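A short reminder: the numbers here are calculations on the coordinates, not readings from a lab. What you see is a predicted model; the values in this text were computed from it and never measured. Ideal geometry is used to build each Cβ from the backbone, glycine not excepted, and the neighbour counts take in all protein chains shown.
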Amino acid sequence: MTTAPNHQPHPAQNPRPQRPVKVFLVDDHQLFRAGVRAEIGGTGAVEIVGEAGDVASAVRLVLATGPDVVLVDVHMPDGGGPEVVRQVLAANQTVRFLALSVSDAPEDVIATIRAGARGYVTKTISTAELLDAIDVVAAGDAVFSPRLAGFVLDAFAAVPDAPVVHFDPELDQLTARERDVLRLIARGYAYKEIARELFISVKTVETHVSAVLRKLQLSNRHQLARWAMERRLVPPESY
């Protein structure tokens, strides 16, 4: 298993493929897809063969285009990235998936890997690191952002067949996007930074924060941060 973004393959051990890797993009934010396409599509290392913004379209188009690697977001309606992975692999097991997500929550990582993805990296990854990760997955290996690799190994080594997602009635009432905002609030992000990270407007961030405060019956962002920390929704180094 390889870790990213610190992964730097040795030229003799993991040379870049002779032909461009065929990549398909799955993310429900068109602006993010455009950004990834612009960043990696012009390098010559990959060929973007298609993109989709919802589960149904993603499954249909991935099966039609036959990419080497699918970059898939985790949080989308109708089951998100894990559902795309499950449906595609049920029809074609040669397609390889690399999750590219803003979320580094253990339950999201484990659910995506259990569905069949070969790797999971966060959207803070650089262009060069993302290209390396794509090469690793295309070659049939696994790749994770360094901080994610540890608990992935722990989760699968300890009790491979046991469920790893623990349900919290309060957390379960939040939408996937509200959880994303909550985690970034807990890390100390300002509203403008959250908007930039999630490719949404500041007004939308404010709306999500208000909804989370109402659902959790809290008064301010400091209480939100403490609530998230108590439930370990953010890594210890973010506390």
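A few points about this structure:
- Order of Y191, Y120 under a 10 Å beta carbon neighbour criterion, fewest first: Y191, Y120
- Relative exposure of S101, S219, S57, judged by other C-beta atoms within 10 Å (fewest first): S219, S57, S101
- Here the residues E206, E170, ranked from fewest to most Cβ neighbours within 10 Å of their Cβ, fall in the order E170, E206.
- Amide H contacts for V21 (H built 1.01 Å from N in the peptide plane; partners 5 or more residues away or on another chain; cut-off under 5 Å): V46, E47.
- Evaluated over segment 169-238, the Cα radius of gyration and Dmax, each in Å: 11.0, 29
- With the simple spin-label model, which puts each label point 7 Å out from Cα in the Cβ direction, the D78 to A211 separation comes to 1.9 nm.
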